[in-house]
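Q: Once you've had a glance at the structure underneath, I'll fire off some questions.
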Amino acid sequence: MPVENPKVAVLLAAYNGMQWIEEQIVSIFAQTAVDVTLYISIDPSTDGTEAWCAAYAVKHPGIILLPDSGRFGGASRNFFRLLRDVDVESYDFVALADQDDIWHTDKLQRATQSLTSRGVDAYSSNVTAFWPDGGTLLLDKAQPQVEWDYLFEAAGPGCTYVMSKQLVGSLKSAMLANWHQLQGVSLHDWYFYAFARSHGFLWFIDPVPTMEYRQHERNQVGANTGLSPMMARYKTIHDGWWFGQVQLIATLVEPKRKPVGMDWPLSRRTQLMKLSFSAWQCRRRVRDKILFFFICWATALIGKKAR
């Protein structure tokens, strides 16, 4: 007897996506060995994205366009809306999608097989970043997970995430219970990973890239390569945004244990110095562990704008 293809609900957040969204949707429906239904939520746009998606959905019954829900102002709130409003009970898995990438045809097949064969609850993968000039770069996020990495980083780009129905159900309940506070979370993929890990769900990060990750001037969060992105990320730390997000996400997911020195508010010098010595268990990549150590010390000595 043939094995029934897993049913996957793909949740796509869109905003001013006319330049790329059709190519992404075509790659989503080119997926092999899975049955896909695509749900699209659109942040009010100025380039005709809503009208194009509505017309496209009429011709393609596997696409469901969610009704207008006002302005989100960022991808995170749009994805929170998608998880809140889409009923996933009839699906086996839930995947997240951005509007501007290109999926490999076996992306969802590889993800669902990994989830099943490994007995895990969530999947993410490496990606290949690509630029308009033809340049490409493998973005490697598949270093071994460590004890507290989920409090300080995501499991790779959220557009690679595929989660079990059970995890999504638990996640949705927690989101609804903390809906107002959740709106302060800037990076949905970081929060989803933190929730899963802190609640005992198992996560696999695949070293094989499963999609082409488009880089352009409107990326909300793009590839962390070169000096300019590094300086921009340092500014978020100096301005207090990053430590503020760490505190908010940790408060929302309520981990049973935290690194020494990670008490609120995370602003006293002694706390940051203590936290620095947990660096090896707070980030996955060796480079990031070292950077984390020095950032804690620099912030403790130079100071930051507290939040």
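Q: Please tell me the relative contact order of the chain in percent, rounded to the nearest whole number, where contacts are Cα pairs under 8 Å and at least six residues apart. Let's see the in-between values first.
A: Details: 540 pairs, mean separation 56.2, N = 307.
Computed value for the chain: 18 percent relative contact order.
Q: Follow-up question, since we're still on this one. Distances longer than 14 Å among the Cα atoms of the range 27-108: what percent of all pairs is that?
A: Details: 2233 of 3321 pairs.
When every Cα pair of the range 27-108 is considered, 67 percent fall beyond 14 Å.
Q: Let me ask you something else. Measure nothing but the geometry: give the 0 to 90° angle between the long axis through the Cα atoms of 75-85 and the longest principal axis through the Cα atoms of the chain, rounded to 10°.
A: Taking the Cα atoms of the chain, the angle to 75-85 is about 60 degrees.
Q: Also, I was wondering about something else. If I stretch the segment between THR270 and GLN143 completely, what's the gain in nm (0.36 nm per residue apart, minus their alpha carbon distance), one decimal? Kindly include the intermediate steps, with their values, before the conclusion.
A: Numbers: separation 127, 0.36 × 127 = 45.72 nm, distance 2.94 nm.
Length difference between fully extended and current span is 42.8 nm.
Q: A follow-up question, please. Would you please give the residues with an amide H less than 5 Å from that of LEU96, counting only those at least 5 places away or on a separate chain, with H modeled from the backbone geometry?
A: Answer set, sorted by chain and number: LEU11, TYR161.
Q: Along the charge dipole of the range 1-139, pointing to its positive end and built from +1/-1 on Cβ of Lys, Arg, Asp and Glu, which listed residue (VAL88, SER69, PRO44) has its Cα farthest out?
A: Checking the options against the dipole of the range 1-139, the answer is VAL88.
Q: For the range 79-190, what is Rg from Cα atoms divided by 2.2 N^0.38 Å, rounded to two decimals? Intermediate values should be presented prior to the final figure.
A: Values: Rg = 15.0 Å, N = 112, 2.2 N^0.38 = 13.2 Å.
That works out to 1.14 for the range 79-190.
Q: Right, here's the next one. Taking R0 as 25 Å, what's the FRET efficiency between ASN178 and LEU202 from their Cβ-Cβ distance, rounded to 0.05? Could you put the intermediate results ahead of the total?
A: Working: r = 23 Å, r/R0 = 0.92.
Plugging the Cβ-Cβ distance into 1/(1 + (r/R0)^6) gives 0.60.
Q: Here's something else I'd like to know. How far, in nm, would the chain grow between ASN16 and ASP68 when pulled straight, counting 0.36 nm per residue and subtracting the alpha carbon separation?
A: Numbers: separation 52, 0.36 × 52 = 18.72 nm, distance 1.44 nm.
Length gained, ASN16 through ASP68: 17.3 nm.
Q: Could you work out how much longer the chain between ASN5 and GLU23 gets when fully extended? Use 0.36 nm per residue separation minus the Cα distance between them, nm to one decimal.
A: On the way: separation 18, 0.36 × 18 = 6.48 nm, distance 2.36 nm.
The span from ASN5 to GLU23 would gain 4.1 nm if fully extended.
Q: If I take all pairs of Cα atoms in the range 152-200, what percentage of them are more than 12 Å from each other? List each step's numbers first, then the result.
A: On the way: 760 of 1176 pairs.
Percentage above 12 Å: 65.
Q: Still on this structure: Could you work out the helix-only [θ] at 222 nm for the chain, with each DSSP H run of four or more residues adding -39,500 (n - 2.57) and the total divided by the number of residues, to the nearest 500 deg cm²/dmol?
A: Details: 11 runs with 121 residues, N = 307.
It lands at -12000 deg cm²/dmol.
Q: Within a 10 angstrom radius of the beta carbon, how do ILE64, ILE42 rank from fewest other beta carbons to most? Spell out each step's value before the answer.
A: Working: ILE64 13, ILE42 25.
Arranged by neighbour count, lowest to highest, ILE64, ILE42 become ILE64, ILE42.
Q: Test of the criteria: in the range 135-221, which GluC sites (Glu not before Pro) are in a DSSP loop and have at most 15 other Cβ atoms within 10 angstrom of their Cβ? Mind dumping the intermediate values first?
A: Details: sites: GLU147, GLU153, GLU212, GLU217; in loops: GLU147, GLU153, GLU217.
Answer in residue order: GLU147, GLU217.
Q: Counting just the Cα atoms, what span does the range 16-162 cover along each of its three principal axes? Round to the nearest Å and put the largest first.
A: That works out to 44, 41, 31 Å along the principal axes.
Q: Sort out for me the Cα centre separation of the range 240-307 from the range 181-217, rounded to whole Å.
A: Value for the Cα centre distance between the two parts: 19 Å.
Q: About the Cα centre of the chain, what is the dipole size in debye to 20, counting +1 per Lys and Arg Cβ and -1 per Asp and Glu Cβ, all else neutral? Could the numbers behind the result be given before it?
A: Details: 31 positive and 30 negative charges, 332 e Å.
Roughly 1600 debye, rounded to the nearest 20.
Q: May I pose another question? Just add up the charged neighbours of THR160: K/R +1, D/E -1, any other residue whose Cβ is under 12 Å from the Cβ of THR160. Could the numbers behind the result be given before it?
A: On the way: positive: LYS107, ARG110, LYS141; negative: ASP98, ASP101, ASP189, ASP206, GLU212.
Surrounding charge for THR160 is -2.
Q: Within a Cβ distance under 15 Å of ASP149, other residues only, what is the Lys/Arg minus Asp/Glu net charge? Provide the component values of the computation, followed by the final result.
A: Numbers: positive: LYS141, ARG197, ARG257, LYS258, ARG283, ARG284, ARG285, ARG287, LYS289; negative: ASP140, GLU147, GLU153, ASP189, ASP288.
Taking every Cβ under 15 Å from that of ASP149, the sum is +4.
Q: Hey, another quick one. At 4 °C and 1.567 mPa s, grab the translational diffusion coefficient of the chain from Stokes-Einstein with a Kirkwood Rh over Cα pairs, rounded to a whole number in µm² per second.
A: Result for D is 64 µm²/s.
Q: At what distance in nm do the modelled label points of ALA298 and ALA51 sit from each other, each positioned 7 Å from its Cα along Cα→Cβ?
A: Using points 7 Å along Cα→Cβ, the separation is 4.8 nm.
No lab work stands behind these numbers, since they all come straight from the coordinates. What you see is a predicted model; the values in this text were computed from it and never measured. Every residue, glycine among them, receives a Cβ derived from its backbone with ideal geometry; neighbour counts consider all protein chains shown.
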